[in-house]
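The values are calculated or read from the model by the stated rules, or taken from the named source; none is laboratory data. What you see is a predicted model, and the numbers here were worked out from it, not measured in a lab. Note that each Cβ is placed from the backbone with ideal geometry, even for glycine, and that neighbours are counted across all protein chains shown. Areas reflect the complete protein model, heavy atoms only, side chains present, ligands, DNA and RNA absent. Shrake-Rupley method; radii C 1.70, N 1.55, O 1.52, S 1.80 Å.
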Amino acid sequence: MMPNILERHELFHLEEWAGRASRKPLVIRGARQVGKSTLVREFARRARMTLVEINLERNPEIGQAFENADPAQVLATLSLLTGQGVRAGETLLFLDEIQAVPRALAMLRYFYEEMPGLHVVAAGSLLELALEEKGFSMPVGRIEYLNLGPMHFEDFLVAVGRPRLAEHLRTFELAGGTLPDALHRQYLGLLRQYWIVGGLPEAVAAYASTTGGPPGDFIHVARIQQNLLATYRDDFGKYSHGRLRDRMQLVFERLPAMVGRKFAYVGVSREHRAAELADALTHLCMARLAWKVRRTAANGLPLEAEVYERYFKCLTMDVGVMCAALRLNVIDLGREDLVLVNDGAVAEQFVGQHLLASGSPHETPALHYWAREARNASAEIDYVATIGHRIVPVEVKAGTTGSLRSLHQFLAEKRSDFGVRFNADTPSLLEDTRRLADGSTISYRLLSLPLYLVGQLKRLAMEVLAPGTPPRRKEQEVGESGGIPHEGDDKDDTVQ
């Protein structure tokens, strides 16, 4: 594995956690194969701490050490079983796959209360499912979380040997001028590569080790992704059986093709009851192989307070996994007009998984969208984000063109004056006044960002929302046309 594959931004969160005096045991939550164990090993190496790693799923006999409620005795037993000493301030104790031994979860409380100087990290990929099955609860108030998903686009750039491009995105400012067209096209080409490879570390490492080779290098990545998909399917037997396992398999297979659309169980199968498929989807979400994007009225904060539980869309865990499941291929890596089949849904998946990771790493990720169903006046906003104390509508377009009729209706209904659009164009801050079909008029600012800047959304939006920020460009026909037409970029605004 290439060393730069480990340059993940979550390392900074681990460093901040380790340096705190009031540190609690840290539980890393995430799906299988997102790199939890690798992240902890790299952090221990950088922090120059002795790593004592115990995989409780592979070594269930070690779980007996946690039958004692005395943390000192537990550490003594672990030292005997592993042959490694555990010393506060020098050792990082890593309890991997902790869900296999629920008693170890309970011990985290006592490590915090009686050994606050000890650095303890736990990780679990099927944590929620295991806890529900065994009726165990987490030691609330005695631990903290770090939610880990796929690698971000900036981390991908570092991994493939383009760290300066990654740093450029992280420090890009709207006031700094426009992006040169050549640089913009380079980012778009790398973005398409990320869509195919995704953010799972094993796939990224495989691609990074062959970057610069022929397009056939994607064949190795595809092989890894298909193996990962098989691993996820095999996991179903660990937390389900019989008909539930079969229904999970069915939902898992159909989910990638349903990204970007209101989720309907009849779209999965007409032969199964909705309640059965809902149970299967719930299990997939708990395993973090799927994410619900819930519809909200978006009248105020928090967005979760006005959620319509019956209406939601879904995302897969990773854009690369989605493309692999759909067997989408790059047409020609040498072409500038590179297009993916179903690229509108792929763009929505890409933006969505980055928005999921944009909040505090200690909070469970959540996503929302807005829709209005009315005769001749239906509308839908891809995502609704909370930025500062504002509710911000976010539209996603795969190309450079596309209607913003739904965004206009949202702004008018919510009496808001700010929206965000992601597309394949260069960054701009636009001002517009528009007369709507009902005769009303709205004046607003539109922050238009290229898709590859999604990881910087909150920072750039706060820059725009700061008092006195002038527009970068004024455009008379915001969102209606302009730029080079792009195949399949303009999705229907109506609610499915």
Accessible area of GLU61 in the full protein assembly, 1.4 Å probe (Å², nearest 10)
100 Å²
As an exercise, identify the trypsin sites (Lys or Arg not before Pro) in segment 269-302 lying in DSSP coil whose Cβ has no more than 10 other Cβ atoms within 10 Å.
ARG270
Rounded to the nearest Å, what's the spacing between the alpha carbon centres of segment 215-291 and segment 380-396? Just the number, please.
28 Å
Distance in nm between label sites at SER22 and SER209, each 7 Å beyond Cα in the beta-carbon direction?
4.5 nm
Burial order of peptide ranges 361-369, 91-99 (average beta-carbon count within 10 Å, highest first)
91-99, 361-369
Taking the alpha-carbon set of segment 147-250, what are its Rg and Dmax in Å?
17.9, 59
If you roll a 1.4 Å probe over the heavy atoms of the protein chains, what accessible area per residue do you get for segment 220-294, in Å²?
46 Å²
Segment 341-425: trypsin sites (Lys or Arg not before Pro) in DSSP loop, at most 11 other beta carbons within 10 Å
ARG375, ARG415
At a Cα cut-off below 15 Å, give the aspartates and glutamates reachable from LYS262, other chains included and same-chain residues fewer than 8 away excluded.
GLU309, GLU348, GLU373, GLU380, ASP382, ASP492, ASP493
Evaluate the Debye formula for segment 11-53 with equal point scatterers sitting on the alpha carbons, no solvent, and hand back log10 of I(q)/I(0) at q = 0.14, 0.15, 0.19 Å⁻¹, in q order, two decimals.
-0.33, -0.38, -0.62
For segment 69-134, what does the accessible surface come to per residue with a 1.4 Å probe? Please give it in Å².
39 Å²
Once the Cα gyration tensor of segment 97-160 is diagonalised, what are the square roots of 5 times its eigenvalues, in whole Å and ordered largest first, as equivalent ellipsoid semi-axes?
27, 17, 9
Please work out the FRET efficiency for the pair GLU304 and ALA76, using the Cβ-Cβ distance as r and a Förster radius of 60 Å; give the result to the nearest 0.05.
0.85
Could you compute how fast segment 68-126 diffuses translationally, taking Rh as the Kirkwood radius over C-alpha pairs and applying Stokes-Einstein at 10 °C with viscosity 1.306 mPa s? Give it in µm² per second.
135 µm²/s
Take every Cα-Cα pair in segment 37-178 and report what % of them are more than 22 Å apart.
48 percent
If you take the Cα Rg of the chain and divide it by 2.2 N^0.38 Å, with N the number of residues, what do you get?
1.01
In whole percent, and with a 1.4 Å probe on the protein chains, what portion of the accessible area of the chain is carbon and sulfur?
49 percent
What translational diffusion coefficient, in µm²/s and rounded to a whole number, does the Stokes-Einstein relation yield for segment 418-458 at 37 °C and a viscosity of 0.692 mPa s, taking the hydrodynamic radius as the Kirkwood radius over Cα pairs?
291 µm²/s
Just to make sure I understand: if all protein chains stay in place, what is the order of CYS285, CYS314 by accessible area at 1.4 Å, largest first?
CYS285, CYS314
Counting DSSP beta bridges in the chain, what percent are antiparallel, to the nearest 5?
45 percent
For segment 36-82, the fraction of alpha-carbon pairs in successive 5 Å shells from zero, as %:
5, 20, 23, 19, 20, 12, 1
From largest accessible area down, sort SER358, SER240; use a 1.4 Å probe on the protein chains.
SER358, SER240
Beyond 24 Å between alpha-carbons counts as too far, so tell me which of LYS24/LYS458; LYS414/LYS458; LYS36/LYS397 fall in that bin.
LYS24/LYS458; LYS36/LYS397
Taking only C-alpha pairs under 8 Å that are 6+ residues apart, what is the relative contact order of segment 400-471 in percent?
30 percent
Can you give me the convex hull volume of the Cα atoms of segment 104-205, divided per residue and expressed in Å³?
177 Å³
Low-density loop positions, trypsin sites (Lys or Arg not before Pro), segment 45-82 - DSSP coil, at most 11 other Cβ in 10 Å:
ARG48, ARG58
Each label sits 7 Å from Cα toward the beta-carbon; between SER269 and ARG375 the label points are separated, in nm, by 3.7 nm
So what is the relative contact order of the chain, in percent, for Cα pairs below 8 Å that sit 6 or more residues apart?
13 percent
